[in-house]
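Okay, so here's the structure we're looking at.
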Amino acid sequence: MSIAKSEYKRVTVKSLIDMKQQGIKISMLTAYDYTMAKIIDKAGIDIILVGDSASNVMAGHETTLPITLDQMIYHASSVVRGVMRSLIVVDLPFGSYQGDSKMALSSSIKIMKESGGHAVKLEGGSEISESISRILTAGIPVMGHLGLTPQSIYKFGTYTVRAKEEEEAKILLEDAILLEKLGCFALVLEKVPAALAQKVAESISIPVIGIGAGGGVDGQVLVTHDMLGMTHEFNPRFLRRYRDFFTDMTDAFTQYSKDVKSKDFPNEKEQY
Ligand code: KIV
């Protein structure tokens, strides 16, 4: 049975800012396909991120760098078809916006036109301010991303906690203030000390969504496959696992294989 339009209220960039003002925490998870997005939306998650983590989780790459704009659009359009309420944010992949602001704008327009997503996310601060402004002039909502920025992994060399030193923390805070000033509607803060993340959240009026950034921010995001325990070799301190699907799914596949080989499946009732 389909749900009547009046039974749900779509999350918008405006409602997220209202949530921050009212002290209501924002929930966000990643999705890359229709089926997962549909379940996440049904569970009432506020934001679905079509993250470039698809490069790791879906394609098995070591970094987020290889995924292309067209591949992101494929994932995002699958997600869009499964969602009625959540706000859908799509990552601009590596190489699709770093060139110049014209390139950033045309990649964002392509995402919005071809996927039906509601906003884009890009990594960086002052160095991409021109691109952010240009995307915003086209009426495309922009989410920022500071702290650990996986697209710059080869510049930093590790995935360790960022902005532990005073100088880096100062730049991060300045970047967050700049992103708000430019017009970003929200900001992801990845793997930074909890005290700094809280200071950032208290210094700006747009929502700060943390991953490995403690509880003093306005919302939390996790990679869905990590929180479901499907990627069991990935064990950062910030990750809470809500299920052990790696084990559950392995058990199910093993049982299926046994049933096929023993001729237990299909039985009399499972055939025509
Ligand atoms: O791509 C992604 O999944 C992300 C989250 C980790 C925030 O950017």
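Can you tell me which residue within the stretch 179-198, out of those that are open to solvent by 10 Å² or more (accessible area, probe 1.4 Å) and out of contact with any helix residue (DSSP H, G or I) (no Cβ under 6 Å at 6 or more places or on another chain), is nearest to the ligand (Cβ to nearest atom)?
Looking at residues that are open to solvent by 10 Å² or more (accessible area, probe 1.4 Å) and out of contact with any helix residue (DSSP H, G or I) (no Cβ under 6 Å at 6 or more places or on another chain), I get GLU190.
Spot the failing condition for GLY210; the list is (1) in contact (Cβ under 8 Å) with a residue 24 or more places away in the chain; (2) within 15 Å of the ligand (Cβ to nearest atom), and only one is missed.
Evaluating GLY210 over (1) in contact (Cβ under 8 Å) with a residue 24 or more places away in the chain; (2) within 15 Å of the ligand (Cβ to nearest atom) leaves (1) as the failure.
What is the number of the single condition among (1) among the charged types (D, E, K, R); (2) within 26 Å of ALA119 (Cβ to Cβ); (3) within 16 Å of the ligand (Cβ to nearest atom) that ARG237 does not meet?
Every listed condition holds for ARG237 apart from (2).
Any residue in the stretch 173-183 that is assigned by TED's automatic domain parsing to the domain that holds MET28 and farther than 28 Å from VAL11 by Cβ?
yes
Any idea which of VAL89, VAL80, VAL57 is surrounded by fewer than 22 Cβ atoms within 10 Å (Cβ to Cβ), within 16 Å of the ligand (Cβ to nearest atom) and either at pLDDT 95 or above or more than 15 Å from the chain's Cα centre (by Cα) (or both)?
One residue alone meets the criteria, VAL57.
The values are calculated or read from the model by the stated rules, or taken from the named source; none is laboratory data. Fair warning: this is a prediction, and the values are worked out from it, not measured in the lab. Here Cβ is always computed from backbone atoms with ideal geometry, including for glycine, and neighbour counts include all displayed protein chains. Quick note on the areas: whole protein, heavy atoms, side chains included, nothing else; ligands and nucleic acids left out. Shrake-Rupley method; radii C 1.70, N 1.55, O 1.52, S 1.80 Å.
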